[in-house]
Structures are given as C-alpha cells and as structure tokens.
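Nothing in this text is a laboratory measurement; each read-out follows from the coordinates by a stated rule. Since the model is a prediction, treat every value here as computed from it, not as a measurement. Quick reminder, even Gly has a Cβ in these numbers, built from the backbone with ideal geometry, and neighbours come from all protein chains shown.
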Amino acid sequence: MYTKIVVGTDGSAGAQIAVGAAIELARLTGATLHVVHGHKLSSAYHLAAAFEVGVVPNVVESDEAILAESHRICEEAVAQAARVGVASEAHYVAGDAADALIKVATDAEADLIVVGNRGMAGARRFVLGSVPNKVSHHCPSSLLIVDTSHAGSVT
C-alpha cells in the first residue's frame, strides 16, 4: 500500500503522536519512513535588526544550536523506528516546516505524508494549524492528519 512515508516532527508531544502513527503504518506496510524537521536559521534581516537595536548576536552559535536540536529531534524518531524494525531516514531542512515536508515528499516520491493537527480544541478544531493546512493544499501525495489533541493529557 505505502512504500515511502514522510512524517514531520518538531519534537513536541503532539508531534510524537504523529510520528508513532507513521512508524506503525510503515511497520505494517514495509514502507521506508522519512522523518522531517523544518527549522529556521538566523537570516541577514535578523542580524541587521539586532544591530539596529544595539544587540550583537552570536549568529553562528545560535544556528549551530538550531541545527543540533534539529538533528536530535530527527534522530530520536529514527531510533524509535529502528526499535520496531522500520527503515528510516532523517531530513533536516532549513525553512518553513510545511515547505520542508512538501519538498522531502516530492524528492522521495512519497506515497503518504503524516502530520499532526497541532492539538486544537473548541471552535479552533475546525481550522487546521498552519502546517497541516498548508500541506493539505500543496501535498504531492496522500495525507494523513493525526489527531494530536490528547497530547500531554493524563490517561
């Protein structure tokens, strides 16, 4: 049914629910899992704005920290997949999270993208978060939006 599944994660409890669903689907179908973390590095604009207000940021150090966190988030999901025998690859993509998912799915020729709905409740549950909303409009494959509203709840 599926041969390549892409899942996005930001390391949150909600994202972990989506990652778990993607791992289980990959396990059941024998698919390869592509774990994606989109991250934003410091831009020239941020640097210029910081100097404008008298702040001298250490951009290299902050970008290194962002990249290290991105690697940690993806590697945790890859290790989780490996524990149940699912082949997986990590993708650390600079830029918007939705764009990163779409790019990896397109490049990998994925059959399915898995994202969380960001745990929205009440009236907001009728409007998807920005990542699942954007992916749903530009998705190059099937899309599974996992209910993550119970993330962090005690059961």
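Some observations on this one:
- Report note on the peptides 16-26, 140-150: ranked by the mean count of other C-beta atoms within 10 Å, highest first, their order is 16-26, 140-150.
- Shown is the FRET efficiency for H150 and D107, computed with R0 = 35 Å from the Cβ-Cβ distance and rounded to the nearest 0.05: 0.60.
- Formal net charge of residues neighbouring Q16 (Cβ-Cβ distance under 12 Å; K, R +1; D, E -1): -2
- S62-S136 FRET efficiency (beta carbon distance; Förster radius 22 Å; 0.05 resolution): 0.10
- Reach of K4 by Cα under 23 Å, taken over lysines that are not fewer than 8 positions away in the same chain: K103, K134
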